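The values are calculated or read from the model by the stated rules, or taken from the named source; none is laboratory data. Just so you know, these numbers come straight off a predicted model, no measurement behind them. Neighbour counts run over all protein chains shown; Cβ positions are idealised from the backbone, glycine included. For accessibility, only protein heavy atoms count, side chains too; no ligands or nucleic acids. Shrake-Rupley method; radii C 1.70, N 1.55, O 1.52, S 1.80 Å.
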Amino acid sequence: MMTDITIALSKGRIFDDTAPLLKSAGIVAQDDPETSRKLILATNRSNIQLVIVRASDVPTYVQYGAADIGIAGKDVLQEHGGAELYQPLDLNIARCKMMVAVREGFDYEAAVHQGARLRIATKYLQTARDHFAAKGVHVDLIKLYGSMELAPLVGLADAIVDLVSTGSTLKANHLVAVEEIMPISSRLIINQAALKLKRETIQPILDAFAAAVKK
Ligand code: PRT
Ligand code: MG
């Protein structure tokens with residue numbers, strides 16, 4: 001019997017970093033998601049397809065079984081909560097850091113020390129809430145969907161919680177990172193029911209990924 005496997009991932013850096021891992025599992029996409037408008041990509045393996053979704057939607061597709069396997073950043077999984085997702089493998093790709101950043105010249109340490117109530121703009125509400133609660137810092141969280149770097153520049157927030165990789169976006173906007181919240185990389189996620197029902201097909205993919213991951 002032919003088992004159909006659907007793998008959900010986002011285009012851009014996750015697709016780019018995942019393609020070599022897929023290749024090591026013998027899976028090659030038939031289209032390039034950067035140039036194709038297709039949302040479902042066939043692969044060289046007739047029983048395996050890729051679906052291209054927003055990075056933050058990957059856990060949802062896998063949770064509901066619309067995809068069997070997904071690749072998602074720890075940032076995304078932290079916000080989703082990870083309920084019902086089997087997370088067997090850190091792929092060590094799309095690495096960056098979740099950080100707190102402020103405007104150059106803003107004395108974050110002093111503000112924290114004085115017990116000031118801080119306004120924090122972020123797309124990562126759950127992560128920010130957990131971080132400041134653990135520090136015992138009172139915050140007002142302001143939800144944004146992107147370009148968090150703008151918020152401190154126009155007085156919307158005292159600080160942001162965002163991902164930083166090269167640091168050039170912060171620098172270009174006269175912001176500085178003042179605290180690392182956690183290192184981020186992408187993980188393989190698997191629907192638990194799919195793993196039981198389709199283990200014959202899923203296990204070799206998992207094994208190939210595990211063997212190909214850069215330590
Ligand atoms: O872009 P979209 O709104 O569709 O969604 P997304 O931003 O969640 O997706 P995408 O594809 O941009 O990122 C997918 C995953 O890559 C994220 O979930 C992270 O796990 C991981 N990743 C790794 C990053 C970065 N590095 C990164 N630098 N995601 C985003 N950035 C952004 C960051 O938010 C900031 O705006 O890049 C900017 C900073 O980069 P530097 O190099 O200037 O520091
Ligand atoms: Mg992005």
Worksheet item: Counting only protein heavy atoms, what percent of the accessible surface of the chain is carbon or sulfur at a 1.4 Å probe?
Response: 50 percent
Worksheet item: Heavy-atom accessible area per residue, the chain, 1.4 Å probe: how many Å²?
Response: 53 Å²
Worksheet item: Between Asp207 and Arg13, what length comes free when the chain is fully extended (0.36 nm per residue of separation minus the Cα-Cα distance, one decimal in nm)?
Response: 67.6 nm
Response to the item:
Between the modelled labels at Lys214 and Gln30 (7 Å from Cα along Cα→Cβ) the distance in nm is 3.1 nm
Item to complete: Please tell me which of these pairs span more than 23 angstrom C-alpha to C-alpha: Lys123/Lys196; Lys97/Lys196; Lys11/Lys214; Lys11/Lys196?
Response: Lys123/Lys196; Lys97/Lys196; Lys11/Lys196
Practice prompt. Straight distance only, please: which aspartates and glutamates reach the Cα of Lys171 with their own Cα at less than 18 Å, same-chain residues fewer than 8 apart left out?
Written response: Glu104, Asp107, Glu149, Asp158, Asp162, Glu179, Glu180
Discussion item. Net charge within 11 Å of Glu149 by Cβ-Cβ distance, Lys/Arg positive one each and Asp/Glu negative one each, not counting Glu149 itself?
Written reply: +1
Worksheet item: Just how far, in whole angstrom, is region 121-178 from region 16-49 if you go by their alpha carbon centroids?
Response: 34 Å
Worksheet entry | Debye intensity ratio in log₁₀ form over the Cα atoms of the chain, taken at each q of 0.07, 0.09, 0.14, 0.18 Å⁻¹ | -0.26, -0.42, -0.86, -1.18
Worksheet entry | Residue-level accessible surface for Tyr86, protein heavy atoms, 1.4 Å, Å² | 90 Å²
Item to complete: Please report, in whole Å, how far the alpha carbons of region 122-164 spread along each principal axis, starting with the longest.
Response: 27, 18, 17
Worksheet item: When the Kirkwood radius is taken over all Cα pairs of region 96-183, what Stokes-Einstein diffusion coefficient follows at 37 °C and 0.692 mPa s, in µm²/s?
Response: 259 µm²/s
